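Scroll down for the structure; my scribbles are underneath it.
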């Protein structure tokens, strides 16, 4: 193979890879700009980070089984449940308070913090003198636990929940009585 052809192939490959990186960056930027919903993309990330801090991924199963993997708030969709719940089921005043508290956590660098720092920031809300801080923490913690404990993965895989206990036997022959 001659040198020119090799350089053309290498150059084309480099341009192709750079184009893919640029396209990915462009789609991430457009996704952030074109985000629809009540909460902004950053607020949704904050809610997901709060849920992951309250119930971290990797909890061991209550009933050990080979086919049951450790789970957490993110893997069960608890964060998505919380976002939808806050958007559709809470009053305007409560939604404004949630957005206000999320902005405070964002200013404190909640997303960039380590797990221990996140826990500390949430505990500061719980132990705060402010009634609104306490109410926000209690509400987020309660909804996170509710969303996690009612997820299918937790109920069925970890709690051995059966939707209809017992069995249904249709078309069973019954002995004739005289």
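Since every read-out is calculated from the coordinates, none of them should be taken as a lab result. Because the structure is a prediction, the values reported are computed rather than measured. Cβ atoms come from the backbone with ideal geometry, glycine included; neighbour counts cover every protein chain shown.
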Checklist outcome for this item: Expressed in nanometres to one decimal, the distance between label points 7 Å along Cα→Cβ at residue 84 and residue 45 is 2.3 nm
Item to check | Mean Cβ count within 10 Å, highest first, over the residues of peptides 124-133, 110-119, 143-152 | outcome: 143-152, 110-119, 124-133
Item to check | Spin-label zone in region 71-113 - amide nitrogen under 16 Å from a point set 7 Å from the Cα of residue 38 along the C-beta vector | outcome: 79-103
